[in-house]
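Here the structure is laid out as structure tokens; the discussion comes afterwards.
Readers should treat all values here as calculations from the given coordinates under stated rules, not as data from a laboratory. These numbers were taken from a predicted model, which means no experiment stands behind them. Every residue, glycine as well, gets a Cβ built from its backbone with ideal geometry; the counts of neighbours run over all protein chains shown.
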Amino acid sequence: MFKKLAVLLTGVLVLSLPTFGDEWNKKTLLTFSQPVEIPGVILPAGQYVFKLADSNANRHIVQVFNADQDQIFATILAIPHYRMQPADKTLILFDERRADQPQAIHAWFYPGALYGQEFVYPRSRALELARETHQPVLTGDVTPTETPTELEKTPVVAVTPENKEVEVAEAIETAPAAPTQWTVPAPAVAPAPEKELPETASPLPFIALLGVSSLGLAWLLKTIRSHNS
Amino acid sequence: MKVTVHWSSSRKHRIFRYAHITFAILGCVALGACAFAYFNAGVFQAYERWHFEKALLARPRGLAGPSPVAPVQSLRLAVKEGVLLGRIEVPRLALSVMVTEGIKPRNLRLAAGHIPGTAFPDEPGNVGIAGHRDMFFRRLREIRQGDIITFTTLAGSPEYSVEWTRVVKPKDIDVLDVSSQPVLTLVTCYPFYYVGPAPERFIVRARLIGRAGSS
């Protein structure tokens with residue numbers, strides 16, 4: 001599974017600031033330069049806090065907040081995703097998507113962790129992703145507004161591009177995902193969408209003025225001509 | 001003032017005649033082009049409004065939810081360049097304009113446009129909408145703090161309350177910066193009565209206060 005798991009940072013600039021959380025909740029501040037998709041939510045470019053929910057029963061529930069942590073965008077069920085070698089910085093894996101669509105986050109690794117969080121998508125979206133990527137995608141009865149307690153016991157399966165549900169163990173390859181190189185780009189704020197604000201003055205007033213002036217001039221010429229003929 | 005022209009030949013007479021006809025034609029064509037542009041935009045708005053109302057009635061109930069998070073059927077995934085996104089209304093100003101995706105000149109001739117790169121109305125963040133000040137957003141000159149703006153889409157109808165208005169330079173793109181709070185930013189040219197490319201932009205910033213018709 002996920003042989004063609006798309007690579008990191010394809011087109012999406014991700015900046016991970018030095019982690020300021022503790023090892024317990026894996027709190028991480030991420031800056032995305034482009035919109036990204038997480039289960040049930042599209043996050044516009046910007047800064048977000050990813051951290052594990054405060055649950056002893058399940059350490060694979062991720063919560064996504066705004067940078068000030070006063071607004072929660074999603075509570076995401078995940079399963080462990082193993083890597084042979086830990087990355088020394090935050091690692092985000094994206095599913096391969098069409099160029100005109102936001103990259104969908106497949107998994108999130110805390111720096112130094114061998115086990116990351118592979119996100120479980122709602123059923124309808126998981127099927128769409130499976131058909132786009134031609135790979136099974138984890139799914140379950142999840143919505144981004146559920147509480148950690150509600151998600152703790154949610155069963156997880158994988159949906160294939162043919163819309164068949166299979167056990168997660170069947171879907172996941174025994175070999176772990178190949179190590180991928182993580183590069184931290186230069187610090188940057190998410191870029192503004194345009195270099196200038198849109199031009200919202202149509203040429204119609206100028207054209208109308210031209211028309212009125214032309215008609216006025218035509219009337220003047222006609223008057224002069226008839227006056228002198 | 002008395003204008004006296006001495007016609008020395010019929011040639012000058014003909015020149016005046018041709019100039020008169022030329023300017024008359026030019027004037028008619030220019031005014032006709034304006035009338036056509038307004039007519040075309042009016043027809044587009046009326047058709048898209050009718051079409052949108054039908055789609056609203058036919059939409060699944062689940063798409064309009066009170067949740068601050070986007071539904072699974074996200075607008076970003078559903079809407080393409082030039083496609084209808086929704087309708088913006090300011091009831092106090094009797095302003096109602098259809099919004100399409102993108103700000104290419106053709107889009108803005110027919111409707112207001114969602115500024116690419118900004119959030120969509122079903123997402124958290126800063127939703128940027130641009131419109132011509134001499135067509136759809138003329139009435140924004142009368143908007144004031146506290147006015148309610150409704151952005152009706154097939155994925156919900158967020159309601160915003162105007163926080164402030166501001167006149168900025170075209171390069172002041174920070175008004176479209178990502179916001180941790182859900183806000184709406186309307187952009188149009190300023191001054192409102194100006195012939196030619198306007199030197200400034202009029203900005204309306206509104207914050208989300210709820211979602212209409214989400215029950």
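Pair-distance distribution P(r) for segment A:14-171, from all Cα-Cα distances in 10 Å bins starting at 0: 11, 42, 38, 9, 0 percent. Once the Cα-Cα distance is subtracted from the 0.36 nm per residue extended length, the residue B:80 to residue B:141 segment shows a gain of 19.0 nm. Only DSSP H runs of four or more residues enter the estimate; each adds -39500 (n - 2.57), and after division by the residues of chain B the mean residue ellipticity at 222 nm equals -9500 deg cm²/dmol. What the phi angles of segment A:128-145 give under the Karplus curve with 6.51, -1.76 and 1.60, with θ = phi - 60°, is a coupling list of 4, 5, 4, 6, 6, 8, 6, 9, x, 10, 5, 8, x, 7, 10, 9, x, 9 Hz, glycine and proline written as x. Starting from the Cα of residue B:148, step 7 Å along the direction of its Cβ; do the same at residue A:88; then give the gap between the two resulting points in nm. For residue B:148 paired with residue A:88, the spin-label model returns 5.7 nm. Close amide H contacts of residue A:106 (hydrogens built in the peptide plane, cut-off under 5 Å, sequence separation of 5 or more or a different chain): A:93, A:94, A:95. All other residues whose Cβ lies under 12 angstrom from that of residue B:42 are scored, Lys and Arg at +1 and Asp and Glu at -1, for a net of +1.
Quick one: which of A:195/B:80; A:27/A:195; A:89/B:80; A:51/A:195 span more than 25 angstrom between C-alpha atoms? A:27/A:195; A:89/B:80; A:51/A:195, as the Cα separations exceed 25 Å there. Close amide H partners of residue B:200, meaning residues 5 or more places away or on another chain with modelled amide H under 5 Å apart, are B:190. Compared with the rule-of-thumb size 2.2 N^0.38 Å for a compact globular protein, chain B has a Cα radius of gyration ratio of 1.32. How many nm separate the modelled label positions at residue A:149 and residue A:164, each set 7 Å beyond the Cα in the direction of the Cβ? Those two pseudo-labels are separated by 3.9 nm. Relative to the longest principal axis of the Cα atoms of chain B, helix B:10-58 runs at roughly 10 degrees. Multiplying each eigenvalue of the alpha-carbon gyration tensor of segment B:158-210 by 5 and taking the square root yields semi-axes of 24, 12, 7 Å, largest first, rounded to whole angstroms. Here's how it looks for residue B:210: its modeled amide H is under 5 Å from those of B:159, which are all 5 or more places away or on a different chain.
If the chain linking residue A:223 and residue A:67 were pulled fully straight, counting 0.36 nm for each residue of separation and taking away their Cα-Cα distance, it would gain 49.1 nm.
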